[in-house]
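The structure appears below as structure tokens.
The values are calculated or read from the model by the stated rules, or taken from the named source; none is laboratory data. None of these values were measured; they are calculated from a predicted model. So basically every Cβ, Gly included, is an ideal-geometry build from the backbone, and we count neighbours across all protein chains shown. Please note that ligands, DNA and RNA were not included when accessible areas were found on the heavy atoms of the full protein model with its side chains. Shrake-Rupley method; radii C 1.70, N 1.55, O 1.52, S 1.80 Å.
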Amino acid sequence: MAAVSLRSFGYLHRLLLIILITTLFINTLAFSSSLSRRALQKPNKLPSHGFRVRLKHVDHVKNLTRFERLRRGVARGKNRLHRLNAMVLAAANATVGDQVKAPVVAGNGEFLMKLAIGSPPRSFSAIMDTGSDLIWTQCKPCQQCFDQSTPIFDPKQSSSFYKISCSSELCGALPTSTCSSDGCEYLYTYGDSSSTQGVLAFETFTFGDSTEDQISIPGLGFGCGNDNNGDGFSQGAGLVGLGRGPLSLVSQLKEQKFAYCLTAIDDSKPSSLLLGSLANITPKTSKDEMKTTPLIKNPSQPSFYYLSLQGISVGGTQLSIPKSTFELHDDGSGGVIIDSGTTITYVENSAFTSLKNEFIAQMNLPVDDSGTGGLDLCFNLPAGTNQVEVPKLTFHFKGADLELPGENYMIGDSKAGLLCLAIGSSRGMSIFGNLQQQNFMVVHDLQEETLSFLPTQCDSI
């Protein structure tokens, strides 16, 4: 009996030891997984030196003249303007009881940024958009996906992919989301009937063009879209939102500043996006003057960067435009935004009429009524003309009188014999477009809530 009892105790001892070791192993895995998930939920802070991303114009691979690029951009910009105005008006007309199932957002854009996603990293190009927040790309398995030049991201091939729970703050920040067994699902519908739908997830993103400049940031929330359709995103494989909302890249990185410097529309050299300490821009010489104006918030459109435009001057003449023309209304309509994704500036129709008439009065050139220029105001150039003097154009923002170089608002086509004003009319919201921003360092300071312009040769930074 004693021998049997000892063997039983020995067996029980070994069994308890196995159970204990197994429990410790499972708990260790769970703790490690918990740490990993918490790490993914909180993106690392940027290194002290920040980082730079090169931007390429969406038409950079096409052999186009400056005027041809402008016309293509204007066509895209008009569609974007209509979408933005429709979105703002829909929000302004909505009542408290309205149920909006799929809010319309701007979509599209004019500049592409190269980045990589996952572990190991997979490269792709995405549209940079200061008019929206969500970071997203196409993902396998695709129910419906548009064509892209790089392989579609497969989350199963990445060791750092992790779906976001429905209780997370990022899921709550989505304008439209549902909860399923897959976690937090989203739907974004754009004004041109394009859309993206999928799950919200954490992933590691790698930025930078060269190995020396690359930086990997774990735990960025993004939309993993497996149902995407429409023409709006054919230039890239997704979008990187730089808006003011919590889902944007700058908000998730908790960076208080970012800046971009856009090269001329026909420049073959890339533009630049600067984040972190690289966005701490100061004038290099006493001749360089930085113009700073406040950023305004619109509660009904919290992602947009609104500015206070108080007037416009042509030559030495300030136009007779009531200040209320560009004011943001109580219902969220009107106002002026600065936007990287719209090619030319659009001003409220009554202001544009005054602007147009003043340019006609000061240019001393015949107005072209053929409409072949594709813009609201074009002039006929005399044969053999190589250079034309144009009146100065100044935008009077609050605290900042921004005088633009001539090439930022007048575009000529010697073959067609045309010189066109690269500004259009709008009904409702006005937009300060990217052509007017070229060769300025545009600094967004989210802590001070200001936006600054510094004249810069953007192809040399």
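In a residue-by-residue description of segment 338-347, the property of being surrounded by fewer than 21 Cβ atoms within 10 Å (Cβ to Cβ), in a strand (DSSP E or B) and not assigned by the TED database to the domain that holds LEU81 applies to no position. Where residues in segment 93-116 are among the charged types (D, E, K, R) and at pLDDT below 80, which of them is least open to solvent (accessible area, probe 1.4 Å)? Looking at residues that are among the charged types (D, E, K, R) and at pLDDT below 80, I get ASP98. With the condition kept exactly as written, say whether any residue in segment 267-285 is part of a loop (DSSP other than H, G, I, E, B), at pLDDT 95 or above and over 30 Å from CYS145 (Cβ atoms). No - not one qualifying residue is present in segment 267-285.
Whether any residue in segment 314-325 is closer than 30 Å to LEU55 by Cβ, touching a helix residue (DSSP H, G or I) at 6+ places or on another chain (Cβ under 8 Å), at pLDDT 95 or above and in a loop (DSSP other than H, G, I, E, B) is what I want to check. Break it down stepwise before answering.
Within segment 314-325, the subset closer than 30 Å to LEU55 by Cβ is none.
The answer is no; no qualifying residue exists.
Those residues that are of a type in the set (D, E, K, R) and either buried (at least 22 other Cβ atoms within 10 Å of the Cβ) or touching a Phe, Trp or Tyr at 6+ places or on another chain (Cβ under 7 Å) (or both), I need them from segment 259-296; list them, please. Selection gives LYS291 alone.
Residue-level check: of (1) over 30 Å from GLY219 (Cβ atoms); (2) open to solvent by less than 20 Å² (accessible area, probe 1.4 Å); (3) at pLDDT below 80, ALA90 misses just (2). Residues that are touching a Leu at 6+ places or on another chain (Cβ under 7 Å) and not in a loop (DSSP other than H, G, I, E, B) were ranked within segment 293-310; the one that is nearest to PHE359 (Cα to Cα) is LEU307.
Have a look at GLN387, GLN457 and point out the one that is within 26 Å of GLY371 (Cβ to Cβ), out of contact with any strand residue (DSSP E or B) (no Cβ under 7 Å at 6 or more places or on another chain) and either surrounded by fewer than 20 Cβ atoms within 10 Å (Cβ to Cβ) or assigned by the TED database to the domain that holds LEU253 (or both).
Values: GLN457 fails: within 26 Å of GLY371 (Cβ to Cβ).
That would be GLN387, the only listed residue that is within 26 Å of GLY371 (Cβ to Cβ), out of contact with any strand residue (DSSP E or B) (no Cβ under 7 Å at 6 or more places or on another chain) and either surrounded by fewer than 20 Cβ atoms within 10 Å (Cβ to Cβ) or assigned by the TED database to the domain that holds LEU253 (or both).
Among (1) farther than 23 Å from GLN143 by Cβ; (2) modelled with pLDDT of 95 or more, where does PHE222 come up short? Just one mismatch for PHE222, condition (1). Contact annotation: residue pairs with Cβ atoms under 8 Å, 6 or more positions apart or on different chains, pairing a residue in segment 119-134 that is free of Cβ contacts under 8 Å to residues at least 60 places away in the same chain with a partner that is in a strand (DSSP E or B), are ARG122/ALA116; ARG122/PHE153; SER123/LYS114; SER123/LEU115; SER123/ALA116.
Selection over segment 281-296 of residues that are within 20 Å of LEU242 (Cβ to Cβ) and in contact (Cβ under 8 Å) with a residue 40 or more places away in the chain gives a count of 5.
Per the listing GLY311, GLY334, the residue uniquely open to solvent by less than 60 Å² (accessible area, probe 1.4 Å), out of contact with any Asp or Glu (no Cβ under 7 Å at 6 or more places or on another chain) and either modelled with pLDDT of 95 or more or not basic (Lys, Arg) (or both) is GLY311.
Kindly list the number of the only condition in (1) under 25 Å from ASP401 (Cβ atoms); (2) over 17 Å from the mean Cα position of the chain (by Cα); (3) of a type in the set (D, E, K, R) that fails for LYS269. Only one criterion is unmet by LYS269, namely (1).
Based on what the data block shows, is PRO366 without any contact (Cβ under 8 Å) to a residue 24 or more places away in the chain, touching a strand residue (DSSP E or B) at 6+ places or on another chain (Cβ under 6 Å) and more than 30 Å from LEU242 (Cα to Cα)?
Values: without any contact (Cβ under 8 Å) to a residue 24 or more places away in the chain: yes; touching a strand residue (DSSP E or B) at 6+ places or on another chain (Cβ under 6 Å): yes; more than 30 Å from LEU242 (Cα to Cα): yes.
When the stated conditions are applied, PRO366 passes them.
Quick check: is even one residue across segment 424-439 among the hydroxyl-bearing types (Ser, Thr, Tyr), under 20 Å from ARG71 (Cα atoms) and over 26 Å from the mean Cα position of the chain (by Cα)? Checking segment 424-439: not a single residue is among the hydroxyl-bearing types (Ser, Thr, Tyr), under 20 Å from ARG71 (Cα atoms) and over 26 Å from the mean Cα position of the chain (by Cα).
Do you know which residues across segment 164-203 are of a type in the set (A, V, I, L, M) and open to solvent by less than 10 Å² (accessible area, probe 1.4 Å)?
Taking segment 164-203 and keeping what is of a type in the set (A, V, I, L, M), we get 164, 170, 173-174, 187, 199-201.
Within segment 164-203, ILE164, LEU200, ALA201 meet the criteria.
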